[in-house]
Amino acid sequence: MHYAIITNPVSGKMTIDQKRAVLAKAAKILNAKIYGLDAITADDFGQCARELATHYDVLVTAGGDGTFSDIINSIDTAQTPISYLPLGTGNAIRYALKYKGSLADIAMRIKDGKIQKYDLINCDEKKRAFMASIGIEGALIRLRNQYLTQGATGFKTYLCAAFNAYFREYKRANATITVDDATFEAKNLLSLMVVKQPYYGFRMNVVPMARFDDRKLHIFCINSGLFKCAIGGATAFTIGNRIGEYRTGQKLAVQLERPLILQIDGNYAWEADAFTFTVMPNALKIKC
């Protein structure tokens with residue numbers, strides 16, 4: 001098969017030369033050229049992905065969850081298989097795909113692997129996702145991005161943003177939630193997660209029952225206080241999150257008493273007081 005590696009020049013802290021160097025062994029294993037580093041805008045990057053998809057059998061995305069999300073929203077992933085080389089910080093997709101070892105090890109797994117079919121989430125008919133949430137994560141991401149622009153990096157940056165989001169920035173809201181035909185109320189919503197795989201960044205197993213290929217949305221509603229949230233955070237790094245209300249379905253509708261931020265795949269998406277999510281079966285082909 002013919003592979004092309006695509007990576008975003010502005011994501012992460014690596015320079016363009018550093019990205020070329022760190023991807024060199026993987027590129028040699030896959031006999032692939034590296035593209036995308038000359039992209040100036042997000043539109044340029046998406047256009048590069050679309051052009052590559054017409055000329056190569058597999059498009060290998062090198063980056064973090066945000067770069068992976070950019071690709072699944074730029075090309076027809078039901079037609080063009082993609083693969084993933086983790087270069088980001090949190091890398092939820094790395095853990096979802098159970099990747100281990102170096103980039104060279106992962107490249108060998110990609111080369112020898114089979115094409116798997118996975119589901120995606122349709123968010124308001126605007127964007128596709130593998131993980132989304134309404135609530136505190138939007139405030140957390142906004143703060144994290146501020147800290148990153150100031151030069152902060154790593155997991156401590158995430159923890160600092162989470163602390164300030166919980167105690168200062170985020171204001172809870174009530175929500176009416178409909179999963180398929182069942183409706184329930186959520187008071188003082190902290191987070192409503194809608195995912196297709198178990199992980200957030202840094203190997204946090206927040207929705208342990210989620211599966212990439214079962215044709216269901218996996219929905220976790222959390223409105224707990226500080227003590228239970230601390231327990232949930234701790235168990236997410238060990239046995240998996242054990243707080244919140246879990247449901248599954250093919251469609252989710254959310255009506256809020258006031259607008260909240262939606263995050264998609266670790267990035268700020270948009271703000272609204274109503275959202276809809278539907279499952280997209282077999283919408284993603286991954287060679288892994």
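Here are a few things to note about the model shown:
- Qualifying residue in the range 194-207 (condition: in contact with an Asp or Glu (Cβ under 8 Å, 6 or more places away or on another chain), crowded, with 17+ Cβ neighbours inside 10 Å and touching a residue at least 60 places away in the same chain (Cβ under 8 Å)): yes
- Checking each residue in the range 52-70 for being hydrophobic (A, V, I, L, M, F, W, C) and within 20 Å of Asn31 (Cβ to Cβ) picks out Leu52, Ala53, Val58, Leu59, Val60, Ala62.
Matching residues to (1) assigned to a helix (DSSP H, G or I); (2) over 18 Å from the mean Cα position of the chain (by Cα):
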{"residue": "Asp43", "(1), (2)": "yes, yes"}
{"residue": "Ser69", "(1), (2)": "yes, no"}
{"residue": "Asp76", "(1), (2)": "no, no"}
{"residue": "Gly90", "(1), (2)": "no, no"}
{"residue": "Arg94", "(1), (2)": "yes, no"}
{"residue": "Ile110", "(1), (2)": "yes, yes"}
{"residue": "Glu125", "(1), (2)": "no, no"}
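- Residue ID - surrounded by the most Cβ atoms within 10 Å (Cβ to Cβ), chosen from residues in the range 210-228 that are at pLDDT 95 or above and assigned to a loop (DSSP other than H, G, I, E, B): Ala210
- Taking the criterion of being in a helix (DSSP H, G or I), surrounded by 14 or more Cβ atoms within 10 Å (Cβ to Cβ) and of a type in the set (S, T, N, Q), the residues of the range 146-189 that qualify are Thr157, Asn164.
- When the test is whether a residue is at pLDDT 95 or above, β-branched (Val, Ile, Thr) and either under 28 Å from Arg203 (Cβ atoms) or not in a helix (DSSP H, G or I) (or both), Ile29 passes it.
- Positions within the range 7-36 being touching a helix residue (DSSP H, G or I) at 6+ places or on another chain (Cβ under 6 Å), buried (at least 20 other Cβ atoms within 10 Å of the Cβ) and either of a type in the set (A, V, I, L, M, F, W, C) or not assigned by TED's automatic domain parsing to the domain that holds Thr77 (or both), in sequence order: Ala26, Leu30
- The numbered conditions (1) in a strand (DSSP E or B); (2) without any contact (Cβ under 8 Å) to a residue 24 or more places away in the chain; (3) not hydroxyl-bearing (Ser, Thr, Tyr) are all true for Asp119 except (2).
- Residue list for the range 96-108, restricted to those being over 11 Å from the mean Cα position of the chain (by Cα) and among the hydrophobic types (A, V, I, L, M, F, W, C): Leu97, Leu103, Ala104, Ile106, Ala107, Met108
- Output for the range 229-266, where each listed residue is exposed (fewer than 15 other Cβ atoms within 10 Å of the Cβ) and either among the charged types (D, E, K, R) or touching a helix residue (DSSP H, G or I) at 6+ places or on another chain (Cβ under 9 Å) (or both): Phe237, Arg242, Glu245, Lys251, Glu257, Arg258
- Residue within the range 211-230 that is farther than 26 Å from Leu59 by Cβ, in contact (Cβ under 8 Å) with a residue 40 or more places away in the chain and either among the small types (Gly, Ala, Ser) or not assigned by TED's automatic domain parsing to the domain that holds Ala182 (or both) present: no
The values are calculated or read from the model by the stated rules, or taken from the named source; none is laboratory data. Treat the numbers as computed from the prediction; the structure is a model and nothing was measured. Backbone-built Cβ (ideal geometry, glycine too); neighbour counts: all protein chains shown.
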